[in-house]
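The values are calculated or read from the model by the stated rules, or taken from the named source; none is laboratory data. This is a predicted model, so every value here is computed, not measured. As a convention, Cβ positions derive from the backbone with ideal geometry for all residues, glycine included, and neighbour counts pool all protein chains shown. Quick note on the areas: whole protein, heavy atoms, side chains included, nothing else; ligands and nucleic acids left out. Shrake-Rupley method; radii C 1.70, N 1.55, O 1.52, S 1.80 Å.
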Amino acid sequence: MAEPDRILRIRTVLQRTGLSRSTLYRKIQDGSFPRQVQISIHGAGWRESAINRWVADPAGYRMEDRAG
């Protein structure tokens, strides 16, 4: 059985990717970085698996490559 996907908050995502906050949001807008998932009314995070896919191939990542 596969482990459940962890949700990462922005601080962790910035540390893992080495991106600045503004660059991260710009990449989300142009589809070259995974979008956040809503975890509460005022909170959002990223699926760890999506961040791992981006880290493995940042230049080749496109939003349409993302699995469900």
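Miscellaneous remarks
- Taking Cα centre as origin and charging only the Cβ of basic (Lys, Arg, +1) and acidic (Asp, Glu, -1) residues, the dipole magnitude of the chain rounds to 300 debye.
- Theoretical ellipticity at 222 nm over the chain - DSSP helices of four or more residues, -39500 (n - 2.57) apiece, nearest 500: -10500 deg cm²/dmol
- Once exposed loop trypsin sites (Lys or Arg not before Pro) are cut out (DSSP; at most 12 other Cβ, 10 Å), longest piece of the chain: 7-61
- Given the alternatives [x] 1.38; [y] 1.06; [z] 2.57, Cα Rg over 2.2 N^0.38 Å as computed for this entry is given by [y].
- Most fluctuating residue given options G31, G18, G43, as computed from a GNM of the chain linking Cα atoms under 10 Å: G43
- Sorting T12, T17 by solvent-accessible area of protein heavy atoms yields T12, T17, largest first, with a 1.4 Å probe.
- With both labels modelled 7 Å from their Cα along Cα-to-Cβ, the Y25 to H42 distance reads 1.7 nm.
- Candidates S49, S32, S22: whichever shows maximal mean-square fluctuation once the chain is modelled as a Gaussian network with Cα springs under 10 Å: S22
- Largest accessible area first, the residues V55, V37 order themselves as V55, V37 under a 1.4 Å probe with ligands, DNA and RNA left out.
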